[in-house]
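A short worksheet on the structure shown next.
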Amino acid sequence: MRDVFFIERDPYAPVRHCYTVSKVLYEGKSEYQEILVLESPEFGRLLVLDGVVQLDEKFEFLYHEFLAHVPLHAHPNPENVLIIGGGDGGTLREVLKHRCVKRAVLVDIDREVIEISKRFFPTLSASFEDPRAIVVNEDGYRYVQDYEDEFDVVIVDSTDPVGFAHVLTTEEFFRFVHRALREDGIFTAQTESIHYHLDMVVRIQKTLRKVFPLVDLYTSVVPIYAGYWWTYSIASKKHPVRKPIRKVDLEAKIYSAEMHEYAFLPEGFYRRILEGEFSY
Ligand code: SAM
């Protein structure tokens with residue numbers, strides 16, 4: 001039998017990953033984006049939005065565990081969490097592992113991503129059944145404007161910052177998030193590749209610094225994302241974030257107190273990046 005390939009069509013990265021595919025499980029178009037679910041012999045199922053692979057079953061934990069557990073362990077008592085994007089349910093699954101979380105609101109603009117995840121990605125979407133989970137289908141930029149002093153942690157798990165996801169990287173949005181957070185609130189967002197999007201990472205870091213007193217950058221390696229070395233920008237109103245301030249007492253494949261600290265760039269290198277002394 002001949003191999004069948006799927007080549008990513010990522011307008012936002014200079015490389016295109018090519019996957020061997022054994023089956024196309026779903027192909028459709030929502031109001032917002034093209035949705036594709038593929039079966040790959042190496043990676044398990046893949047969720048593809050507008051031609052870009054968002055997650056695979058084999059490695060998704062490398063992204064979701066870092067995105068969720070770093071901000072939640074840097075907060076003394078996160079009870080009320082907002083996730084913007086993340087319609088596959090992976091970040092929600094990790095957030096709900098924290099027993100102190102009483103309510104996790106997931107706001108994804110596209111209800112069909114959630115429906116497709118429920119159908120094809122049960123290990124991620126089982127989190128939607130948790131009674132603490134609330135799902136809203138709305139633009140996260142719009143949603144967050146209605147809240148003040150409400151959330152302990154806000155997480156952005158969005159698609160690449162183009163089209164309807166672009167607004168989630170603006171100073172205006174960060175100011176809405178700051179207002180929606182309680183006094184010791186923490187914000188985290190996935191901010192793309194350190195290699196291919198360094199200018200954007202620096203821009204987001206500098207913009208966050210105009211709004212929050214404490215801003216930092218951490219990373220994890222995600223084999224399916226362009227450049228592999230993925231960044232997460234984190235901003236805090238009060239507590240430093242480089243170490244967990246609560247005991248790590250949950251089941252994770254890679255995240256631990258040790259990995260939390262390891263995820264942050266060394267201070268000197270981080271400063272060089274911010275000051276433009278390191279570039280490609
Ligand atoms: N982990 C993935 C990654 O980094 O490639 C992201 C996956 S998740 C499926 C991305 C979700 O963000 C999509 O379902 C998309 O609908 C949602 N999204 C993008 N912009 C949004 C916005 N402005 N408000 C709410 N959801 C948004």
Inset, instruction - Answer with yes or no whether residue 72 is within 12 Å of the ligand (Cβ to nearest atom) and either assigned to a helix (DSSP H, G or I) or buried (at least 16 other Cβ atoms within 10 Å of the Cβ) (or both). - result: no
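Quick grid of which residues meet (1) in contact with a Phe, Trp or Tyr (Cβ under 9 Å, 6 or more places away or on another chain); (2) buried (at least 16 other Cβ atoms within 10 Å of the Cβ):
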site	(1), (2)
202	no, yes
214	no, yes
219	yes, yes
232	yes, yes
240	no, no
247	no, no
251	no, no
258	no, no
268	no, no
Inset, instruction - Kindly indicate which of 49, 106 is buried (at least 20 other Cβ atoms within 10 Å of the Cβ) and touching a residue at least 40 places away in the same chain (Cβ under 8 Å). - result: 49
Inset, instruction - Being more than 9 Å from the ligand (Cβ to nearest atom) and either at negative phi or touching a Lys or Arg at 6+ places or on another chain (Cβ under 9 Å) (or both) narrows it down to one of 67, 92, so name that one. - result: 92
Inset, instruction - For region 79-86, indicate whether the set of residues that are at pLDDT 95 or above, closer than 17 Å to residue 118 by Cα and assigned by TED's automatic domain parsing to the domain that holds residue 252 is non-empty. - result: yes
Inset, instruction - Tell me which of these residue 79 doesn't satisfy, since it passes every other one: (1) more than 22 Å from residue 186 (Cβ to Cβ); (2) charged (D, E, K, R); (3) in contact with a Lys or Arg (Cβ under 8 Å, 6 or more places away or on another chain). - result: (1)
Inset, instruction - Kindly indicate the residue of region 39-54 that is more than 21 Å from the chain's Cα centre (by Cα) and not charged (D, E, K, R) and also nearest to residue 191 (Cα to Cα) among those meeting that condition. - result: 40
Inset, instruction - Could you list all residues from region 113-138 that are surrounded by 18 or more Cβ atoms within 10 Å (Cβ to Cβ) and either within 16 Å of residue 49 (Cβ to Cβ) or outside the structural domain of residue 86 (by TED's automatic domain parsing) (or both)? - result: 113, 114, 116, 117, 120, 121, 124, 125
Legend entry - Search result, residues across region 188-220 that are within 17 Å of residue 275 (Cβ to Cβ), out of contact with any Gly (no Cβ under 8 Å at 6 or more places or on another chain) and among the β-branched types (Val, Ile, Thr): 201, 204, 207, 215
Legend entry - Which listed residue is farther than 16 Å from residue 85 by Cβ and of a type outside the set (S, T, N, Q), from 135, 201: 201
Legend entry - Tally, over region 155-191, of residues that are within 20 Å of residue 55 (Cβ to Cβ) and more than 8 Å from the ligand (Cβ to nearest atom): 7
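From the list 49, 82, 38, which residue is within 16 Å of the ligand (Cβ to nearest atom), of a type outside the set (Val, Ile, Thr), within 25 Å of residue 264 (Cα to Cα) and touching a strand residue (DSSP E or B) at 6+ places or on another chain (Cβ under 7 Å)?
The unique qualifying residue is 82.
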Inset, instruction - Could you check residue 97 against (1) under 22 Å from residue 134 (Cα atoms); (2) within 14 Å of the ligand (Cβ to nearest atom); (3) among the basic types (Lys, Arg) and say which number it fails? - result: (2)
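Considering only residues of region 117-154 that are in a loop (DSSP other than H, G, I, E, B) and free of Cβ contacts under 8 Å to residues at least 24 places away in the same chain, which is nearest to the ligand (Cβ to nearest atom)?
Step one: filter region 117-154 for residues in a loop (DSSP other than H, G, I, E, B), giving 121, 130-132, 137-139, 145-150.
Next cut, free of Cβ contacts under 8 Å to residues at least 24 places away in the same chain only: 131, 146.
Working: 131: 23, 146: 14 Å.
The qualifying residue nearest to the ligand (Cβ to nearest atom) is 146.
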Inset, instruction - Kindly indicate whether any position in region 197-211 is in the same structural domain as residue 245 (by TED's automatic domain parsing) and within 13 Å of the ligand (Cβ to nearest atom). - result: yes
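The values are calculated or read from the model by the stated rules, or taken from the named source; none is laboratory data. Every value quoted in this text rests on a predicted model; they were computed, and no experiment measured them. Backbone-built Cβ (ideal geometry, glycine too); neighbour counts: all protein chains shown.
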